[in-house]
Every structure is written in structure tokens, then in C-alpha cells.
Amino acid sequence: MKISKSIFATLVLALSFGQSWADGKLKLQKVTQDVYAIVGELGNRTKENLANNATFGFVVTTEGVVLIDSGGTYQGARNIEILIKRVTDKPVVTVINTGGQDHRWLGNGYFKKQGAQIIASEKSVIDQNSRAQDQFFVLGNLIGNEIISDTNAVYADKTFAEHFSFEMGETIFEIYHSGQAHTPGDSYVWLPQKEVMFTGDIVYVERMLGVGAQSNSKSWIRVFETMAAYKPQYLVPGHGEVTSLSQAKNDTYDYLVFLRNSVADFMENDGDISDIGSVNQSKYSYLLNYESISGGNAQQVFTEMEWE
Ligand SMILES: [Zn+2]
């Protein structure tokens, strides 16, 4: 049998990532030695996914597990731990919250109870604190107050302004907050020895990113550039499967630049915000959630640019 080169490459990639699905709508992907991604659904928060509608990551070291983002609920955090236990018996000793979106931090309580230290940027903690009530309200509507009754707002015990590094069992972790992106405190986590980058909500692939009131599209572009300068070999995005820098650029960076240019043109032609739907984004209709998100993104960028 003759297998074409591209199919063969795809097979090798699939095998090397060692994918497998588990309960709670989460998928485990091996990134490289001792580094894993936990990939959640690309759509909204549901009873089934327990608000784990994002991608998380973890690193196994000789001194324990470092988890990047704790999931969207207390019960969702348990589902994340189930996948970690498939790989190692070591406990989660450190949790990094890469931002202020619910799925980055509302599982903190679960790991804190087991003694984990939680690390986040100062701006993330301020953002989490100011939006917690809204986030609980939305979760109550989408997945039910009963399911989230054991989920509490638990904040980082170690914070940093722009940069924090630590070593855990000979693995070096570098965390950087280089400006507002999807949320005010977004940070990326770089493993220099392994050339792995965890981006949190700075990178979305496969699905359309969301520009919200808590975002800043202009700064987001600069933050992406700062992150990309590390030239990661493996990129674990905030949404979507483990990917390359080039796909991250296509689906996040290029879209943000396109969106801002399109809205700028619209404004230069005296477009009124009530007609913002006429901004044509069909070039990005291949991204999931395009129908539900693209219009709001243009509206938000319009509002942002009025103040620039
Ligand atoms: Zn997110």
C-alpha cells in the first residue's frame, strides 16, 4: 500500500501526540516529554463540559505537577485531575492562572484544598475579583447554580507584575504578563528547555477569538508579537489543539490585524455603529463560532477605536 506523504505526516503527528478522549469532554494530548495539553470543547460552557471550554496544560516534574489553568468550575477541576492521574501519581503542587477568564481560575479551590500554590499576574487577580460575580451569574445560567454550588472564588497566593520565574524539579518556568490581550492580566508561560509555550487566551486556533469589554485588541496584537518572539516549537493555545506558531498567527494575530483594519476603513467611510454588521469578515468564516461572535467583535473594536 502506498501512503501519500501528507497522510503519512498526519498519521505520525497523531501518534506522537498520543491523543485520547476522556469524560467531561476533555482530551489529553502529549506535547513533548513530561508536557501535556488538556483540550476542551470549542463551543460555550455546558453542563457536560462543566465550563472547561478551553485548553489547559500540565508539566510533570520530579517534585510534582505544575498545572496551567485550573478550569471553569470546582467539578471541572476534578475532571482535569482525572486526566493528570492517567499520566502520573504526583500531586498538583503549583497552579498558574494565565488570565481572568472563568476557565483560567474558577477551579483554583479544588487544587488549593490539596495544598497547591496558585500563581497569577497582579492584573489577573484584580480582573478576577472585579468580574467574579458576573462570571458566577453567567455560569449559573449556562450550567446551573446547583452544579457550581461548590465553586468559590479562590485567588492566587503568589502574584507578580510583569515577570515571574521558578524552577520545579529542574524544569524552568517563565511567566510573562506583557500587556492586556483577551483579558487585562493575560500571561504566557514559557518552558525554555523544552521550547513549549502555553499562551492562555492570547491564542485561539480553530475557533474565532472573542473581543470583549475586558479585552484590548490593539494591545493584544503587541502581546502576541512579544510571545511569538520566543519562536516556540510547541504551542499550547488557550483554545484549540496543540499547534504551531504559524497556525496561531493565522487564526489569532492575522484575524486581529484584519479586524482592526476593516473597522478602521469602516470608520473612515463614516460608517455608523448601527451598521457595523456590514463589515465583511467572511474570510474568517472557517473559524468555529464565526456566526455568533464576529459581529460583536467588530462592534467592540469600533468602541475601542473611538477612544484611541
Ligand atoms: Zn478563553
Using only the Cα atoms of region 195-259, build the gyration tensor, take square roots of its eigenvalues as a ≥ b ≥ c, and label the shape rounded, prolate or oblate: rounded if a/c is under 1.5, else prolate if a/b is larger than b/c, else oblate. prolate
May I ask you to derive the FRET efficiency for SER274 and THR62 from their Cβ-Cβ distance with R0 = 45 Å, giving the value to the nearest 0.05? 0.15
With 10 Å bins from zero, work out the P(r) of the chain over every alpha carbon pair and list the percent per bin. 6, 28, 36, 21, 7, 1, 0
Build a GNM of the chain with springs between Cα atoms under 10 Å: which of ILE96, ILE118, ILE148 gets the top mean-square fluctuation? ILE148
Along the Cα-to-Cβ line of ASP134, 7 Å from the Cα, sits a label point; which residues in region 206-247 have backbone N less than 15 Å from it? 210-217
Convex hull volume per residue for region 262-308, taking Cα atoms only, in Å³: 71 Å³
Springs between alpha-carbon pairs under 10 angstrom, Gaussian network model over the chain: which of LEU209, LEU287, LEU67 fluctuates most? LEU287
Within the set of other residues whose C-beta is less than 9 Å from the C-beta of GLY240, count the net charge using Lys and Arg as +1 and Asp and Glu as -1. -2
Among bridges DSSP assigns within the chain, what percent are antiparallel (round to 5)? 65 percent
Net charge near GLY100: determine it from the other residues with C-beta under 13 Å of the C-beta of GLY100, scoring Lys and Arg +1 and Asp and Glu -1. -4
Can you work out ³J(HN,Hα) from phi for every residue in region 190-201, in order, using Karplus 6.51 cos²θ - 1.76 cosθ + 1.60 and θ = phi - 60°, giving whole Hz and x for Gly and Pro? 10, 10, x, 6, 10, 6, 10, 10, 9, 9, x, 6
For region 155-308, what does the accessible surface come to per residue with a 1.4 Å probe? Please give it in Å². 43 Å²
Could you give the radius of gyration (one decimal) and Dmax (whole number) of the Cα atoms in region 207-308, in Å? 13.9, 44
Largest first, what is the accessible-area ranking of ARG222, ARG45 with a 1.4 Å probe? ARG222, ARG45
Among DSSP bridges having both ends in region 171-308, what percentage is antiparallel? Round to the nearest 5. 60 percent
Once ligands and nucleic acids are excluded and a 1.4 Å probe is used, how much of HIS163 is accessible, expressed in Å² to the nearest 10? 90 Å²
Can you give me the long-range amide H partners of SER178? Hydrogens built in the peptide plane at 1.01 Å from N, cutoff under 5 Å, separation of 5 or more residues or another chain. TYR188
Leaving ligands, DNA and RNA out of it, work out the accessible area of ASP270 with a 1.4 Å probe and give it in Å² to the nearest 10. 130 Å²
For SER292 and ASN250, what does the FRET efficiency come to when R0 = 22 Å and r is the distance between their Cβ atoms, rounded to the nearest 0.05? 0.60
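May I ask you to rank SER149, SER178 by accessible area, largest first, using a 1.4 Å probe over the protein chains only?
SER149, SER178
By accessible area of protein heavy atoms, probe 1.4 Å, what ranking do LEU106, LEU288 get, highest first? Write down the numbers at each step before the final one.
Details: LEU106 0, LEU288 90 Å².
If we order LEU106, LEU288 from most to least accessible, we get LEU288, LEU106.
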Charge tally in the Cβ shell below 10 Å around LYS123, where Lys, Arg are +1 and Asp, Glu are -1, LYS123 excluded: -4
Excluding ligands, DNA and RNA, the carbon-plus-sulfur percentage of the accessible area of region 86-225 with a 1.4 Å probe reads 47 percent
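The values are calculated or read from the model by the stated rules, or taken from the named source; none is laboratory data. If you're wondering where the values come from, they're calculated on a predicted model, not measured in any experiment. Because the Cβ atoms are built from the backbone with ideal geometry, glycine has one as well, and the counts that use them run over all protein chains shown. Ligands, DNA and RNA are excluded from the accessible area calculation, which covers all protein heavy atoms including side chains. Shrake-Rupley method; radii C 1.70, N 1.55, O 1.52, S 1.80 Å.
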